[in-house]
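One structure is given below, encoded as structure tokens.
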Amino acid sequence: MEKDIIERYHRQIILNEFGVAGQKKLLQSSVLMIGAGGLGCPALLYLTAAGLGRIGIVDDGLIELSNLHRQILYGTQDIGKKKVDCAKSVLLQVNPGVEIDLFDERITSVNALDIIADYDIVIDGTDNFETRYMINDACAILEKPLIYGAVSKYEGQVAIFANGINYRDIFPSPPRNGEIMNCSEAGVLNILPGIIGNFQANECIKLVTGIGEPLIGKLLTYNALNNQSYTIEIDSTELSSQLKPKSQEDFRKIDYGYLCSAPIASVEEINSDQLAALYMNDQVDIVDVREISEKPKITKCNHLRIPLSTLKDQVKLIQKDTVVFVCQSGKRSLFAAEQYKEIVEAQQKRVYSLKGGVSSLACPV
């Protein structure tokens with residue numbers, strides 16, 4: 001091993017369990033990072049510094065101001081630029097000896113198998129269910145270890161799916177449209193993606209070098225507010241094997257976007273002007289189904305605040321024959337309206353969802 005390589009990685013080479021052998025394994029390995037956002041940035045930074053030989057980065061996004069509080073590879077001067085280009089520029093400054101491949105494209109069921117096949121390990125740094133299930137199924141088919149990570153509010157999760165265990169063993173099918181908030185709706189503490197992303201990098205290093213006990217078939221949950229964590233064992237299930245694609249051909253035929261965002265056909269949406277007309281005539285119960293802590297607050301309209309998670313228990317509070325459900329973006333309100341219609345099936349009610357959520361709300365003062 002060359003002198004400058006030994007000097008660069010000296011602090012980890014001198015670890016008894018790691019040594020020169022561990023460093024060689026890192027230098028000879030390849031990892032694909034899907035998503036260069038809140039999780040991807042810290043994981044990429046530390047894997048690059050650790051000397052992982054080849055890293056692929058998949059992301060078709062541009063840097064936005066709202067990214068900067070947690071996506072630590074980027075600065076204000078990068079707004080509007082491609083994430084993959086900016087990430088590579090920073091990472092090569094950290095370690096010019098790492099080979100970095102860029103995929104400035106959205107990963108889909110059409111290209112996923114071809115991209116993933118060329119790497120030893122895959123790290124999921126995405127933030128939507130469509131891509132998460134698709135990556136999982138691709139890795140399961142190709143028998144590639146998948147390091148999963150997810151964050152929301154103050155809590156994060158990490159797991160390694162390998163040896164016949166995959167994401168569907170915990171969550172068999174995607175949630176219905178609007179059923180679960182994403183980070184843009186629920187929010188996330190800026191340090192949390194850094195913690196979970198570094199957990200993912202740590203698991204990757206353990207997998208490659210053989211040190212420690214990787215989270216294979218285990219799900220670790222971490223709470224940033226109290227620093228508590230717990231780990232559960234994941235068992236392979238028959239349902240999981242039934243739901244995942246049986247072949248590469250089957251995989252390429254699946255429309256993951258439809259599976260995860262199919263519209264709720266039974267619910268009618270109205271716009272803010274239509275809602276204002278109903279409100280002026282005192283004909284409507286407006287029901288905000290966001291969590292109590294979510295902002296902005298609705299101040300211009302009399303309304304009910306019933307979080308979606310408690311709707312079944314508080315349904316009697318809704319008295320009027322016309323009901324409009326409201327949420328942050330218009331997704332959870334669709335789900336709430338559908339759920340409410342099922343609960344009051346025998347009653348004659350007009351049930352709507354506000355299109356666009358609170359940002360489109362235009363009730364009179």
Worksheet, complete the sentence: Only one of (1) open to solvent by less than 50 Å² (accessible area, probe 1.4 Å); (2) in contact (Cβ under 8 Å) with a residue 24 or more places away in the chain; (3) assigned to a helix (DSSP H, G or I) does not apply to Leu239, and that is (1)
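Starting from residues that are part of a loop (DSSP other than H, G, I, E, B) and closer than 12 Å to Tyr133 by Cα, keep the ones in region 251-267 and report whichever is modelled with the lowest pLDDT. Even if it seems obvious, please write down each step before you answer.
Filtering region 251-267 down to residues part of a loop (DSSP other than H, G, I, E, B) leaves 254-255, 262-267.
Filter once more, so that each one left must be closer than 12 Å to Tyr133 by Cα: 254-255.
Numbers: Ile254: 86, Asp255: 82.
Among those that are part of a loop (DSSP other than H, G, I, E, B) and closer than 12 Å to Tyr133 by Cα, it is Asp255.
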Worksheet item: What tally of residues in region 141-173 results from selecting those that are hydroxyl-bearing (Ser, Thr, Tyr) and assigned to a loop (DSSP other than H, G, I, E, B)?
Response: 2
Fill in: Given (1) touching a Phe, Trp or Tyr at 6+ places or on another chain (Cβ under 7 Å); (2) part of a loop (DSSP other than H, G, I, E, B); (3) modelled with pLDDT under 95, index of the condition Lys246 fails
(1)
Worksheet entry | Members of region 305-336 found to be touching a residue at least 24 places away in the same chain (Cβ under 8 Å) and farther than 13 Å from Arg290 by Cα, listed by number | Lys312, Val315, Ile318, Gln319, Lys320, Asp321, Thr322, Val323, Val324
Fill in: Of residues in region 219-236 being part of a strand (DSSP E or B) and surrounded by fewer than 17 Cβ atoms within 10 Å (Cβ to Cβ), the one nearest to the chain's Cα centre (by Cα)
Thr221
Worksheet item: Taking Phe129, is it open to solvent by 30 Å² or more (accessible area, probe 1.4 Å) and under 12 Å from the mean Cα position of the chain (by Cα)?
Response: yes
Discussion item. Here is a check on your reading of the model: is Gln12 open to solvent by 20 Å² or more (accessible area, probe 1.4 Å) and either more than 24 Å from the chain's Cα centre (by Cα) or modelled with pLDDT of 95 or more (or both)?
Written reply: yes
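The values are calculated or read from the model by the stated rules, or taken from the named source; none is laboratory data. All values derive from a computational prediction rather than experimental measurement. Cβ atoms come from the backbone with ideal geometry, glycine included; neighbour counts cover every protein chain shown. Note: accessible area is taken over every heavy atom of the protein model, side chains too, but ligands, DNA and RNA are not part of it. Shrake-Rupley method; radii C 1.70, N 1.55, O 1.52, S 1.80 Å.
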